[in-house]
1. Output the strands (runs of 3 or more DSSP E) that fall wholly within the stretch B:1-113 and possess 3 or more residues being closer than 15 Å to B:His354 by Cα, or say none.
2. Within the stretch B:159-170, is even one residue open to solvent by 20 Å² or more (accessible area, probe 1.4 Å) and farther than 26 Å from B:Leu315 by Cα?
3. Of all the strands (runs of 3 or more DSSP E) wholly in the stretch A:21-117, which have at least 3 residues that are within 14 Å of chain B (Cβ to nearest Cβ)?
4. For the stretch A:126-135, which positions are more than 10 Å from chain B (Cβ to nearest Cβ) and assigned to a strand (DSSP E or B)?
5. Only one of B:Asp271, B:Asp302 is touching a helix residue (DSSP H, G or I) at 6+ places or on another chain (Cβ under 6 Å), modelled with pLDDT of 95 or more and closer than 17 Å to B:Tyr158 by Cβ; which?
6. Could you please find all residues in the stretch B:213-238 being within 27 Å of B:Thr370 (Cα to Cα) and open to solvent by 10 Å² or more (accessible area, probe 1.4 Å)?
7. Do we have any residue at all in the stretch A:108-121 that's of a type in the set (Ser, Thr, Tyr) and surrounded by 21 or more Cβ atoms within 10 Å (Cβ to Cβ)?
8. What is the residue count in the stretch A:43-74 for residues that are in contact (Cβ under 8 Å) with a residue 12 or more places away in the chain and open to solvent by 10 Å² or more (accessible area, probe 1.4 Å)?
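The values are calculated or read from the model by the stated rules, or taken from the named source; none is laboratory data. Quick caveat: nothing in here was measured; it's all calculated off a predicted structure. Every residue, glycine as well, gets a Cβ built from its backbone with ideal geometry; the counts of neighbours run over all protein chains shown. Ligands, DNA and RNA are stripped out before the accessible areas are found, and what is left, the full protein with its side chains, is counted by its heavy atoms. Shrake-Rupley method; radii C 1.70, N 1.55, O 1.52, S 1.80 Å.
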Amino acid sequence: MAFFPIPFHLPSLEGPAAPYWAATREGRLVVQRCADCQAWRHPPGPVCWRCRSANAAFEPVSGKGEILSYTIVHQELVPELAGVGPYNVIVVSLAEAPDVHIVSNLVGTPNAEIAVGLPVEVVFEVVDAEVALPRFRRVEVSS
Amino acid sequence: MARAEPCIVGIGQTEYAFRGQLAHRGALSLALEAVKNAAADAGLPIDAIDGFASFSDDPLDGGVLAFELGLPELRYSAMAWGGGGANAMGALVLAADAVRSGSANYVVVFRAIIMDETKRFGKSLSGPAFSGKRTTSDPFSMVQFSMPFGLLSPAQTYALSARRHMALYGTTTEHFGHVAVAMRRHAARNPIALRRTPITLDDHAASPFIADPIRRLDCCQENDGACAYLVTTAERARDLRRPTVRVLNAVMGGMPRWPSDPASQNMRTADFATGGQAPLARRLFGEAGVKPDDVDVALLFDNFTPQIVMSLEDLGFCKPGEGGPFIVDQGISWDRGKLPINTHGGLHSEAYVHMNHVLEGIRQIRGTSTAQVANCEIALVAGTPGRSPTSLALLAR
């Protein structure tokens, strides 16, 4: 089920982020990584922030992480949001690369149960033939 | 510092008004009125103005203003990059450098805002072109990582740092409420403030959420208006009629790896629940030989009330995590607070013109605020936190 009944602005499929969105369309989460010093970087860009190398690749990640922060949006800022909210926006810190943050939405969990530190994993919502958006669901931790 | 100190010798503004009310005049008209008022306040002939500085992709430039005012010679025109009001004091850095170096003699720092002329906040997002479209034709756009997920406005973005601050430190929405109440209490004394009706903590707690934890009463306004002030050297200031306000230091800069456009939230995790101003604050104070304890009044960028909590920590008035308790226990009001903040009512209650808090800092040093802090010798003025570059300044008698 779509998180938003009407699709919002969609990503650019050209430029440095193209491989990122191509991967999400195939159901994979990838993050750009320097081929020389192995530093992760996101959003994708032309050079490594650490060693300034232009050599880079997009590496698969597990899609697991934790909620760094979140907000519950109540304001109906645009007409397309009338009656949709309150909806959540989360920021996920990825397990393999904690400084890489993915802005997304949590699906399948009531807003009242969202918390900072909650473990999550990626799921993909196919929007159309070109675009799938990474969203996240709660991971139940076995005790 | 061995360098000659630049000084502020005149301030000017237009009326402040709610969004749309001055749209018929246009930003140029407002800017010119503010510039003329700043020159008149200083007692300086307009012909003596030979430079302009602004910030944040200001659509007006010095050439336009010099042409309209028929200035005999334009010697300096520059703009400091940076989003929103983040680099407001960056424009002061430029003006100060210009008069110190002799590039120009009298530089006006100005800001004019007609909300509907610029792509601001939610309004630009709405309309039939919104749904199912690409975020932008710019493939380097950062918002392609935020807008498809419904992260659309500054209130929503700043709610994220506020929420993490609450989770890490036990900061509460009531702390934010204390900021809102104090801003409004200050505005009630200020005849030019647009929101002057006093509010209580209960009013704040009953205010609807915009983006939880940010309520409507945590948000600044959206306004039309203009501000300007005149910068020159101490030597030239002596010939003018107003008490001189010295610029002890003005700095612009950014936290390492802090994105210019924070939409994607990819600042370092350790910095997430901050305003990203701590390194800049250390430079501000260190170069000026001043400590946070020496500051008599702080004019901070209260686009959203949680930013005051984080600014107190970034700027060294308290330790990380202690901003909320500082506000309640030490106090931020003009008459009772250990550190009076935004004695004009802030962007929250006076007006949101990106630079009106700088004018209040100047008034405090002059001794002419409507909520005047006793024996006010040093004022700290801050640009928008959470962006890069951002900016800070210290003003003094």
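1. B:6-13, B:51-55, B:107-113
2. Among the residues of the stretch B:159-170, not one is open to solvent by 20 Å² or more (accessible area, probe 1.4 Å) and farther than 26 Å from B:Leu315 by Cα, which makes the answer no.
3. The strands (runs of 3 or more DSSP E) meeting that bar are A:30-34, A:64-73, A:87-94, A:101-104.
4. A:Val126, A:Ala132
5. Result: B:Asp302 is the single residue among B:Asp271, B:Asp302 that is touching a helix residue (DSSP H, G or I) at 6+ places or on another chain (Cβ under 6 Å), modelled with pLDDT of 95 or more and closer than 17 Å to B:Tyr158 by Cβ.
6. Within the stretch B:213-238, B:Arg216, B:Leu217, B:Cys219, B:Cys220, B:Glu222, B:Ala234, B:Arg238 meet the criteria.
7. no
8. Selection size over the stretch A:43-74: 21.
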